[in-house]
Amino acid sequence: MTITAEIHLRSPLLPLVSVAELEQTDGVQCPHVIGLEQGLQQLVVEINAAEPLSEETLLELDDVIEATNLGTARGKEVYKLSVVLREPIAEAFKNTPDAGLVDAIQITPEGWYEQKVFKDYPAFNTFRTSCEEHGISVEIGSITQDSSTSEESAPYGLTERQYEALSLAMSRGYYEQPRQTSARELADELGISQPSLSDLLGRAERQLITATLGPSPRLEMLSQ
């Protein structure tokens, strides 16, 4: 049940945000991220600048420890950079293994724009929670599900549609206190009416209760 999400990560501690903040820089993309060892990453970046940045300029930034100019591609200077991850960022990324980049990271002074693919909604929720627990704001631009997945993959006896609605509600913070989204916003995203969304979530919640606690006359009375 593959999930593809367009997200904006906001944190001044994210790697290479400092590069995007340079006055002569007019766009930074990172098409390749290579994990090295804990706390370190190697990235290939394309930088659009009025004139090429020197390796010395990049090494003056706090998080860059190695910089190599690889030349020019598509009118942009390409660099291989080794960076030190700040502890909160390293911890956030370490806890989210079931995800991969679909496209290049767009790096801005505010943070990263990414398109990521996740194994399923729980993997996305793990990523979102880990980021927010470590001070990284997660703004969701869009989230879509691979429609080729069969209903047999939905757990706890849920239908595919129930699982999709419930997982989306969880990922958007619908069950948080206070709520981070509304039923109308969830309904719009799923392309259904608000009453249909409420009915869908209600059926999913009842199925989860039945699957985990077992059927009982008392639960049946409460669900009616």
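Whole number please: convex hull volume per residue of the Cα set in the range 10-65, in Å³?
Value for the range 10-65: 94 Å³ per residue.
Compute the acute angle (0 to 90°) between the alpha-carbon long axis of helix 160-171 and the principal axis of greatest extent of the alpha-carbon atoms of the chain; round to the nearest 10°. That helix lies at roughly 50 degrees to the long axis. Taking every alpha-carbon pair within the range 83-130, the share separated by more than 14 Å comes to 59 percent.
Legend: Rg and Dmax of the chain, from Cα coordinates, 21.4, 74 Å. Taking the average, over residues, of other Cβ atoms within 10 Å as the packing measure, peptides 74-81, 108-115, 162-169 rank 162-169, 108-115, 74-81 from highest down. Our note on the geometry: Cα centres of the range 54-73 and the range 91-149, 27 Å apart. Here the calculated FRET efficiency for GLN180 and THR72, from their Cβ-Cβ distance with R0 = 41 Å, stands at 0.40, rounded to the nearest 0.05.
For the range 89-191, pairs of C-alpha atoms spaced more than 19 angstrom apart make up 48 percent of the total. Carbon-plus-sulfur accessible fraction, the chain (probe radius 1.4 Å, protein heavy atoms only): 47%. Ordering 120-128, 55-63 by mean Cβ neighbour count within 10 Å, with the highest value first, yields 120-128, 55-63. For LYS94, the lysines whose Cα falls under 19 Å of its own Cα, not counting residues fewer than eight places away in the same chain, are LYS116, LYS119.
The HN-Hα couplings worked out from phi for the range 2-17 by the Karplus form 6.51 cos²θ - 1.76 cosθ + 1.60 (θ = phi - 60°) are 5, 10, 10, 10, 9, 9, 10, 8, 10, 5, x, 8, 5, x, 6, 4 Hz, whole numbers, x standing for Gly and Pro. Placing a label point 7 Å from the Cα of SER137 along the Cα-to-Cβ direction, the residues of the range 1-42 with a backbone N closer than 11 Å are 9-12.
The values are calculated or read from the model by the stated rules, or taken from the named source; none is laboratory data. The shown structure was predicted, so the numbers you read here are calculated from the model rather than taken from an experiment. Cβ atoms come from the backbone with ideal geometry, glycine included; neighbour counts cover every protein chain shown. Only protein heavy atoms, including side chains, enter the accessible area calculation; ligands, DNA and RNA are left aside. Shrake-Rupley method; radii C 1.70, N 1.55, O 1.52, S 1.80 Å.
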